[in-house]
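The values are calculated or read from the model by the stated rules, or taken from the named source; none is laboratory data. Here the structure is a predicted model, which is why all the values come from computation and not from measurement. Ideal geometry is used to build each Cβ from the backbone, glycine not excepted, and the neighbour counts take in all protein chains shown. Side chains included, ligands, DNA and RNA excluded: accessible areas come from the protein's heavy atoms. Shrake-Rupley method; radii C 1.70, N 1.55, O 1.52, S 1.80 Å.
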Amino acid sequence: MPFIYKLGTITMIQQPDRVTIVYSGYSNEVRRVRLNEAHPAPLTPSWYGDSVGHYEGDTLVIDTVGVKTDRKYAMIDLFGTPYTDKLHIVERYRLRNYEVVKDALERNEKENWLVNGDVWSRHRGSKFLQLHVTIEDESVFTTPWTATLTYAPGPERISEGVCAENRNEYYNNKESDVPRAENPDF
């Protein structure tokens, strides 16, 4: 968290007491969000932190703290921006009509490289999942910052994919520096 947002496909599974989010891309990663609970005390930091959620009307609000900091390459984005144990992430997920998200989609097309091309206009009659995220870390940023991500409807099924581990850098004839746990954290 929040580096996970770079995986472009998500599936959200709603259950009475939790939401499970499966992120797909080059790997399948899973987050579990407990509903209508508080963060535990004491909190044990973990890879995705501790996420608790609740609904405000039609908006799913997820509050995340406790993202693990004691690991190599701990960063929140592709630019290597660091974070500390004060990282706090608030996500707001909401289903929106095309007309509501159209401005954001047009701005995205102008400002960003579209890996998959235009995946939005063919879904004009559908609902889009829009995520508004606020990130704060008083030890790194002078003010909270926000971003908006818009997800187009996807296929009914997400295809299965496997990314096999291969640490050998054939072009350097050595092994990559991959983070590894000396002791399991459970």
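Are any of the residues in the stretch 50-70 of a type in the set (Asp, Glu), in contact with a strand residue (DSSP E or B) (Cβ under 9 Å, 6 or more places away or on another chain) and farther than 21 Å from residue 148 by Cα?
Yes: the stretch 50-70 contains one or more residues that are of a type in the set (Asp, Glu), in contact with a strand residue (DSSP E or B) (Cβ under 9 Å, 6 or more places away or on another chain) and farther than 21 Å from residue 148 by Cα.
Do we find that residue 92 is surrounded by fewer than 13 Cβ atoms within 10 Å (Cβ to Cβ) and touching a residue at least 40 places away in the same chain (Cβ under 8 Å) in this structure?
Taking the combined requirement at face value, the residue does not satisfy it.
Does the stretch 78-89 include one or more residues that are among the aliphatic types (A, V, I, L, M) and assigned to a strand (DSSP E or B)?
Yes, there is a match, as at least one residue in the stretch 78-89 is among the aliphatic types (A, V, I, L, M) and assigned to a strand (DSSP E or B).
Can you list residue pairs whose Cβ atoms sit under 8 Å apart, with the first residue in the stretch 121-142 being closer than 18 Å to residue 91 by Cα and the second being of a type in the set (Gly, Ala, Ser)? Count only pairs 6 or more apart in sequence or on different chains.
128/152; 130/104; 132/147; 133/147; 135/147
The rows are residues; the columns are (1) open to solvent by 80 Å² or more (accessible area, probe 1.4 Å); (2) under 18 Å from residue 179 (Cα atoms); (3) among the charged types (D, E, K, R).
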position: 31; (1), (2), (3): no, no, yes
position: 36; (1), (2), (3): yes, no, no
position: 58; (1), (2), (3): yes, no, yes
position: 63; (1), (2), (3): no, no, yes
position: 76; (1), (2), (3): no, yes, no
position: 80; (1), (2), (3): no, yes, no
position: 101; (1), (2), (3): no, no, no
